[in-house]
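Peer 1: Please see the structure below; I have some questions.
Coordinate-derived values only; no laboratory data. On a predicted model such as this, the values are computed, not experimentally measured, just so you know. Positions of Cβ are generated from backbone atoms using ideal geometry, with glycine treated the same way; all protein chains shown enter the neighbour counts.
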Amino acid sequence: MLIKRKLLYLLLLIFFIQDFFLSTSNCLFAQHNEPNKYGLKVITKVADYKQTVASDSSKRLVNLKKVIPNIVLDLVYATTNNFTHTKIYPKVTATYMRQPAANALALVQKELNEKGYGLEIWDAYRPYTATEYMWELVKDERYTANPAKGSGHNRGIAADLTIIDLKTGKELDMGTGFDNFTDSAHHVFKNLPEQVLNNRHLLKSTMEKYGFKAFDTEWWHYFWVDGKEYEVMNLTFKQLKKLKL
């Protein structure tokens, strides 16, 4: 009888110790993920990102070049060739998306390749601080994301892109360049040459076929449909490079 009682006490002790460590772990994660000045929770630590991936593998960020080796990258925010005229990113040679979005983008690339075309990526994952900076320059939700909400780029499920001709390597004529903040960049704007409209339709129809949604005011911006399921992140490109994604 005494042995059984001691065994019961031991089991209870193990239970309480286990519960204590689980509670401590959850508290630590919550502290890392305190709401910012906008009331938005933003992942800034690699450990917190890894914890979300451990609970849901679909949240893993992947290097687009590893998923789509022949995709063309022209990461404009690592240059001065963007609407801010400043280098928002350090010199980067890789960009990232969440696994499901990257897999879908690979299917888009495959279909376009069969027609003699391919994708050129201007931006994909974007750290949250970049969104804050852009918002201070253009406080218009038609063209820049409100930091109080975060963007699809911060969640790793959005991409700014266009189509190139594989034979020439040149971009198809889409009527405007990237980061054009006029009505002519809107999807509903139709006062454009027929070839431009056809090119935009090719991009839009192919992206939507594989699960992406178009952003109304930017013909180049597409995002994965269940974006709200993914956390906003402010992981730097240096942090992501160390992860060897």
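Peer 1: Listed here are the pairs K50/K228; K87/K204; K209/K244; K170/K241; which of them are more than 25 Å apart at the Cα?
Peer 2: K87/K204; K209/K244; K170/K241
Peer 1: Near K167, which aspartates and glutamates are there with a Cα under 20 Å away, not counting those fewer than 8 places off in the same chain?
Peer 2: Once the sequence-local aspartates and glutamates are set aside, what remains near K167 is D74, E111, E114, E120.
Peer 1: I'd like to compare 188-196, 174-182, 214-222: which one has the highest average count of other Cβ atoms within 10 Å, and what's the full order after that?
Peer 2: Answer by packing, highest mean first, reads 214-222, 174-182, 188-196.
Peer 1: How charged is the neighbourhood of R142? Take every other residue with its Cβ under 14 Å from the Cβ of R142, and add Lys/Arg as +1 and Asp/Glu as -1.
Peer 2: -4
Peer 1: May I ask you to evaluate 6.51 cos²θ - 1.76 cosθ + 1.60, the Karplus curve with θ = phi - 60°, for each residue of segment 88-101 and list the ³J(HN,Hα) values in order in whole Hz, giving x for glycine and proline?
Peer 2: Result, rounded to whole Hz: 7, 9, x, 5, 10, 10, 9, 9, 9, 9, 5, 3, x, 5.
Peer 1: Could you tell me the relative contact order of the chain? Use alpha-carbon pairs under 8 Å, at least six residues apart, and round to a whole percent.
Peer 2: Worked out over the chain, it gives 20 percent.
Peer 1: A further question on this structure: Report, largest value first, the span of the C-alpha coordinates of segment 159-241 along each principal axis, in whole Å.
Peer 2: Each principal axis gives a Cα extent; for segment 159-241 these are 43, 28, 26 Å.
Peer 1: Could I ask something else about it? What are the residues whose amide H is under 5 Å from the amide H of V232, where those residues sit 5 or more places off or on another chain and H is modelled from the backbone?
Peer 2: I43
Peer 1: Over the residues of segment 34-101, compute the C-alpha Rg and express it relative to 2.2 N^0.38 Å.
Peer 2: 1.38
Peer 1: Round to the nearest 10 and give me the degree value, 0 to 90, for the angle of helix 2-32's Cα axis relative to the longest principal axis of the chain.
Peer 2: Rounded to the nearest ten degrees, it is 30.
Peer 1: At q = 0.08, 0.09, 0.10, 0.12 Å⁻¹, what log₁₀ I(q)/I(0) does the chain have when each alpha carbon counts as one equal point scatterer in the Debye sum?
Peer 2: Result of the Debye calculation: -0.37, -0.45, -0.53, -0.71.
Peer 1: How large is the helix-only mean residue ellipticity at 222 nm for the chain, computed as the sum of -39500 (n - 2.57) over DSSP H runs with n ≥ 4, divided by its residue count, in deg cm²/dmol to the nearest 500?
Peer 2: -12500 deg cm²/dmol
Peer 1: In addition: What nm value, rounded to one decimal, do you get for the distance between K65 and K149 when each label is placed 7 Å out toward the C-beta?
Peer 2: Going by the 7 Å Cα→Cβ label model, 3.3 nm.
Peer 1: Determine ³J(HN,Hα), in whole Hz, for all residues of segment 176-190 in sequence, where each value follows from phi through the Karplus function 6.51 cos²θ - 1.76 cosθ + 1.60 and θ = phi - 60°; x replaces Gly and Pro.
Peer 2: 9, x, 6, 6, 8, 9, 10, 4, 5, 8, 6, 5, 7, 6, 10
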